[in-house]
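Student: The following block contains the structure, expressed as structure tokens.
Values quoted throughout were computed directly from the atomic coordinates according to the rules given, and no laboratory measurement underlies them. Please read these numbers as outputs of a predicted model, since none were measured by experiment. All Cβ positions, even for glycine, are placed from backbone atoms using ideal geometry, and neighbour counts span all protein chains on display.
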Amino acid sequence: MTSFGRQRVGWGVLLWPSLLLLCLIPGVLPRLLAPLNLGELTAFDPPLWRLTLTHLGLVALATGVVLALGVPLAVAVTRPGREALRQLAETLVGLGQTVPTFAILALAVPALGFGWQPTLLGLIVYGLVPVVSNGIAGLMAVDASALDAARGMGMTGRQRLARVELPLALPILLAGLRTSTVYNVGTATVGAALGAGGLGEPIINGLSQQNTALVLVGAVLSALLALSLDAVLGLFAPRT
């Protein structure tokens, strides 16, 4: 990465979390939005910092499950002789973003009830797509000459995967993880309608009360959380 790229990542890691923390200080965000005259903002119960932590917990848990499922699946279907299985996996995983989020949650509620469970299922289904797709693309893009050289050194299949394929595919895989995380920060706001809490609560309440200021509070905090997580994950991207 160039010096400009490193500087941009560094500024993002400092800027977005700082703005998020500033907006979570009681009274700061209402005062910033007051000149817009979009609606009345009273004390939040639960407070905004707790809603943000709940939202972050949902996204972090979903991301962990997505990684635990998506990376092994991408590895399994990119082994030689599994072209048909790879196409099937890409098709099935891709259905997660063709079906509307509300439909996935509505189908999950009768089996899982209200709260975290259906929301978490929706985030996992929705977040698998970029991780699996990028994982497959990264592993398939590994130079065949690098694998031949690894075989010539006497590496086993597992050693080639751990020492050659995954390191070379890591930039593309991390890009998919960042996309999945940002998607899920926005998708998790829908879970508030099912009692999962999080930053979707002020959005849902604002819509029901026709209070644009409440909607904007949830939207601003969700955007800052997404930008903060994307900047933090960018720190793990390999430097050139």
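Student: What residues have an amide H closer than 5 Å to that of GLY198, excluding those fewer than 5 places away on the same chain, when H is modeled at 1.01 Å from N in the peptide plane?
Tutor: For GLY198, the qualifying residues are HIS55.
Student: Which three extents, in whole angstrom, do the alpha-carbon atoms of the stretch 90-194 cover along their principal axes, largest first?
Tutor: 56, 23, 21
Student: Each label point is 7 Å from the Cα along the Cα-to-Cβ direction; what then is the distance between the points at ARG158 and LEU207, in nm?
Tutor: According to this spin-label approximation, the distance is 4.9 nm.
Student: Just want the answer: with Cβ charges of +1 for Lys and Arg and -1 for Asp and Glu, which residue in PRO80, LEU56, VAL93 is farthest toward the dipole's positive end in the stretch 19-163?
Tutor: Selected residue: PRO80.
Student: So if we plug the beta-carbon distance of LEU14 and ALA84 into 1/(1 + (r/R0)^6) with R0 = 45 Å, what FRET efficiency do we get, rounded to 0.05?
Tutor: Taking R0 as 45 Å, the efficiency between LEU14 and ALA84 is 0.40.
Student: Restricting everything to alpha-carbon atoms, can you work out Rg to Rh for the stretch 26-65 with a Kirkwood hydrodynamic radius?
Tutor: Across the stretch 26-65, the Cα-based Rg/Rh ratio is 1.16.
Student: Next question. Tell me the label-point distance for the pair LEU22, GLN97, using the 7 Å Cα-to-Cβ offset, in nm and rounded to one decimal.
Tutor: 3.2 nm
Student: Quick one: what do you get for the chain if you divide its Cα Rg by 2.2 N^0.38 Å? Can you show the working numbers first?
Tutor: Details: Rg = 20.8 Å, N = 240, 2.2 N^0.38 = 17.7 Å.
Here the Cα radius of gyration is 1.18 times the empirical estimate.
Student: Also, I was wondering about something else. Give me the number: length gained by fully extending LEU69 to LEU36, i.e. 0.36 nm times residue separation minus the C-alpha to C-alpha distance, one decimal in nm.
Tutor: Details: separation 33, 0.36 × 33 = 11.88 nm, distance 4.47 nm.
Computed gain between LEU69 and LEU36 is 7.4 nm.
Student: Report the Cα centroid-to-centroid distance between the stretch 97-145 and the stretch 198-240 in angstrom, as an integer.
Tutor: Each part's Cα centre sits 20 Å from the other's.
Student: Going from the alpha-carbon gyration tensor of the stretch 1-124, what semi-axes, largest first and in whole Å, does one get by taking the root of 5 times each eigenvalue?
Tutor: With the √(5λ) rule applied to the stretch 1-124, the semi-axes are 37, 25, 13 Å.
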